[in-house]
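Enquirer: Dumping the structure here so I can ask a few things about it.
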Amino acid sequence: MSDANSPKIKTPEWCSCQSVVDRMLDYVESALSTEDQRQLDRHFKLCPPCREFLRQYRCLPTLCERALERSMPEDAVERLRAFLKAKVEDEPSSR
């Protein structure tokens, strides 16, 4: 049972899982204030899904580098080009 006079840790509203994901790049690049960094650290300690997402997020640059080292088969390039062209043509103009 908690005591009404005991101090409570106040978690900012932006520290929801979605907000943490939205701030992931700033967190990884240490571009947050010290207090914001601490709040996210606290969230990661308490939230296994966000901790796993952070682990995967940190692996992303290496995965991209590996993907760029390989050549895409020409037929796949053509299918992707056709798919993207069709998507662009289907999009309503934003003018």
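Enquirer: Evaluate the distance, in nm, between pseudo-label points positioned 7 Å from the Cα of D41 and of V77 along their respective Cα→Cβ axes.
Expert: The answer from the label model is 4.7 nm.
Enquirer: Continuing with the same structure: Can you list the HN-Hα couplings for segment 51-62, worked out from phi with the Karplus curve (6.51, -1.76, 1.60; θ = phi - 60°), rounded to whole Hz and with x for Gly and Pro?
Expert: Once rounded to whole Hz, the list reads 4, 5, 4, 4, 4, 5, 4, 5, 7, 4, x, 5.
Enquirer: Taking 0.36 nm per residue of separation and subtracting the Cα-Cα distance, what length does fully extending K85 through R66 add?
Expert: Result: 4.2 nm gained on full extension.
Enquirer: Contour minus end-to-end for S16 and S33, with contour as 0.36 nm per residue of separation and end-to-end as the Cα-Cα distance?
Expert: The span from S16 to S33 would gain 4.4 nm if fully extended.
Enquirer: Is the shape of segment 51-91 best called rounded, prolate or oblate, per the rule: a/c under 1.5 gives rounded, else a/b larger than b/c gives prolate, else oblate, with a ≥ b ≥ c the square roots of the Cα gyration tensor eigenvalues? Please report the intermediate quantities before stating the final value.
Expert: Details: a/c = 4.75, a/b = 1.70, b/c = 2.79.
Since a/c reaches 1.5 but b/c is at least a/b, the shape of segment 51-91 is classed as oblate.
Since every read-out is calculated from the coordinates, none of them should be taken as a lab result. Just so you know, these numbers come straight off a predicted model, no measurement behind them. For neighbour counting, all protein chains shown are included, and Cβ atoms are generated from backbone atoms with ideal geometry for every residue, glycine included.
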